[in-house]
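The values are calculated or read from the model by the stated rules, or taken from the named source; none is laboratory data. Just so we're clear, the structure is a prediction, and the values are computed from it rather than from any experiment. Don't worry about glycine lacking a Cβ; one is built from the backbone with ideal geometry, like all the others, and counts go over all protein chains shown. SASA here: full protein model, heavy atoms, side chains in, ligands and nucleic acids out. Shrake-Rupley method; radii C 1.70, N 1.55, O 1.52, S 1.80 Å.
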Amino acid sequence: MFCGQRGKNREAFAAAHPAHENVIKSDFRFRGVVEVRVIEAFRIKSADLRNTADPFVSVQYEQDARRTRHIKNRTQHAKWDQKCYFSVSETDGQHLFLFVLWDHDDISTNDNIGEAAVQLASLEVRGPNDVWLHMKKHDKLSGILHVSFSFLTTTQVEQIFWKTFASLVDVNSDGKVTTEELRQLLLICGDRRALEECQELIKQANGSTTECSVEELALMFSENGVGKEISKHWVVNPLTGKHIDDGHSLFSDLVAAVDRHTSQFLESGFVTTAQARAGWFTGLTEWAEVGVSPSTSSANGETKILVQDRSTGLVSEEFIPSVVFFAIKAMYKDHIGHFAIKNKSVLVHMSEKAGHKYTSPDSVKDIPNFIATYKINMAESLHQAQDFKNFNEFFSRELKPDARPIFEKDRDEFAVSAADCRLLGWQQWNDAKRLWIKGKLFSLDSLLKGVPSAPWKDSTLVIFRLAPQDYHRVHCPVSGRIEKIVSVPGALYTVNPIAINSELDVYSNNKRVIVVLESPEFGSVALVVIGATAVGTIGLLVQEGQQVKKGDPLNFFAYGGSTVVALFQKGKIQLDRDILERSQQPLETFIRMGDSLGRAQ
């Protein structure tokens with residue numbers, strides 16, 4: 001009875017505080033910093049049987065996740081009033097701020113109480129925006145979170161920087177800055193300014209040559225370009241300790257700078273919400289795995305591949321169970337494993353066995369569990385689950401015609417993603433070898449076996465990696481004519497990033513089909529469709545001489561993960577900036593078939 005009454009109170013409170021609606025403002029244009037303040041939470045629903053909650057909040061935007069302190073034994077109402085800053089640009093309107101309310105646990109994993117998201121372009125730039133978020137778990141209301149958003153222009157950001165800088169100068173915290181204090185801090189920055197010059201700066205601030213207030217110094221630095229002129233001679237950012245070079249400007253590290261010097265700020269240093277939710281034990285082991293790619297992390301015996309969703313901006317984690325991870329690592333990174341997998345017939349036998357299993361009528365029983373596990377959106381499917389005769393029919397299912405809109409459909413100078421995938425792309429072939437493809441024998445000649453490689457010397461390279469849960473049909477990224485199709489027999493190694501980052505040349509050893517597409521806008525485009533472990537079937541949907549439009553079906557894969565490598569001739573395509581930036585990290589971008597890939601040059 002008590003619980004039921006509390007539930008009614010929660011619903012009544014929610015009715016009095018309507019939830020924020022993510023209504024996109026089409027004229028959204030802003031570049032600068034957003035201040036996010038986590039204020040308080042009401043009507044918190046307990047996440048365990050003790051009927052108490054020790055709540056904290058995590059907030060994630062793109063590759064940056066933060067969390068508040070946790071508050072003990074505040075069952076229904078918790079107050080934080082903590083803030084954090086996120087850099088945003090005018091192209092980020094569709095991106096999300098993800099808020100999750102957690103119940104802290106001293107030993108085990110922290111429990112998810114509920115979550116909600118706010119789209120950047122739904123906010124008023126002229127704010128502040130006070131927002132009430134209806135936190136939900138399994139579509140049930142579990143609390144109300146009060147947050148606010150404020151947009152700061154570049155000028156305001158610089159004012160915050162100089163105010164924080166001025167407070168550092170005041171080493172004895174008396175609110176005053178002396179000439180000697182200023183000189184010492186400038187020396188740390190690499191600025192060997194004479195004492196007389198520092199006296200002149202203090203004089204500019206308030207007329208005295210001996211001291212000024214912190215506020216006066218901050219105002220002087222932020223106005224009339226004085227601070228910018230002085231900082232030209234700095235080699236170290238005093239707020240972050242980082243060297244100032246082409247990669248780190250003075251103001252680009254503002255968030256990290258203020259984090260270190262403001263006690264009201266949320267705890268930082270996390271990439272994903274999952275990392276921000278970790279308990280103390282998980283935190284100790286989060287980065288313990290040695291020899292994992294920069295785009296992966298490991299904890300609790302599982303390895304996670306980090307992927308950034310292009311549409312929301314959020315970084316998520318693909319989990320590889322520990323048993324699978326260590327098996328792959330043993331096979332593809334250890335010398336004994338290398339010797340074992342040279343017997344390619346073992347992997348072929350495994351794939352044939354999987355093929356027989358998933359084409360049998362009995363395999364339909366695996367479909368419901370697969371849909372539930374991977375949260376497959378069957379509303380997009382052309383056919384319903386019960387219509388498929390076996391699992392492979394379901395796995396290579398078609399989507400409804402409008403499920404994947406084609407970017408600039410009638411303008412052939414724009415290329416699109418060939419698949420729902422985790423994507424990497426580099427303007428220069430050599431960057432791909434330096435950052436991602438570690439196979440010692442990997443080359444254009446080995447990849448394009450049976451097709452002359454000369455047209456793609458110094459080419460632009462794009463990798464479309466399909467995970468098992470993805471829509472497994474590949475489409476043409478550009479319009480043109482199918483000039484040539486070459487089938488290359490080979491092994492069926494896994495295309496998991498762990499294997500690609502190993503010394504084994506996976507792409508050039510695996511069974512594959514090379515499709516050469518001649519495009520008036522992009523020249524010769526080589527699409528290398530690559531099979532993988534448990535993917536013995538590559539079903540082509542085109543033939544030589546066929547005219548195709550971008551977005552037309554190219555092929556389908558049977559069960560398993562799989563990959564397509566696309567080669568564009570040098571100087572024929574300019575890949576989208578966000579793809580290039582993430583690939584340099586390297587961080588895969590989750591992108592959907594038909595989304596923008598680049599433009600013809």
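In terms of packing, defined here as the mean over residues of other Cβ atoms within 10 angstrom, the peptides 30-36, 462-468, 208-214, 177-183 line up highest first as 462-468, 177-183, 30-36, 208-214. Relative to the current alpha-carbon distance between residue 484 and residue 176, full extension at 0.36 nm per residue lengthens the span by 103.3 nm.
Between the beta carbons of residue 446 and residue 236, assuming R0 = 45 Å, the FRET efficiency works out to 0.45 to the nearest 0.05. Taking each residue as 0.36 nm, the span from residue 89 to residue 359 lengthens on full extension beyond its C-alpha to C-alpha distance by 92.4 nm.
For the range 550-597, give the percent of accessible area contributed by carbon and sulfur heavy atoms, probe 1.4 Å, rounded to a whole number. Roughly 47 percent of what the probe reaches on the range 550-597 is carbon or sulfur.
Each label was represented as a point 7 Å from its Cα along the Cα-to-Cβ direction; for residue 372 and residue 387 these points are 2.3 nm apart. For a paramagnetic label modelled on residue 210 (point 7 Å from Cα along Cα→Cβ), amide N atoms under 19 Å away belong, within the range 154-190, to 170-184.
With R₀ fixed at 45 Å, the C-beta to C-beta distance from residue 469 to residue 73 puts the FRET efficiency at about 0.70. Within the range 128-156, name every residue whose backbone N is under 18 Å away from a label modeled 7 Å from Cα of residue 16 along the Cβ vector. Residues passing the 18 Å test: 131-135, 142-147.
Extending 7 Å from the Cα toward the beta-carbon at both residue 81 and residue 581 defines two label points whose distance is 3.5 nm. Full extension of the chain segment joining residue 192 with residue 454 gains 88.8 nm, where the gain is 0.36 nm per residue of separation less the Cα-Cα distance. The protection proxy used here, the mean number of other Cβ atoms lying within 10 Å of each residue, ranks peptides 509-519, 306-316 as follows, highest first: 509-519, 306-316.
For the charge dipole of the range 34-149, defined by +1 on Lys and Arg C-beta atoms and -1 on Asp and Glu C-beta atoms about the Cα centroid, which residue among 104, 60, 87 has the Cα displaced farthest towards the positive pole? The Cα lying farthest towards the positive end belongs to 104. Residue ranges 449-459, 475-485 sort as 475-485, 449-459 when ordered by packing (mean number of other C-beta atoms within 10 Å per residue, highest first).
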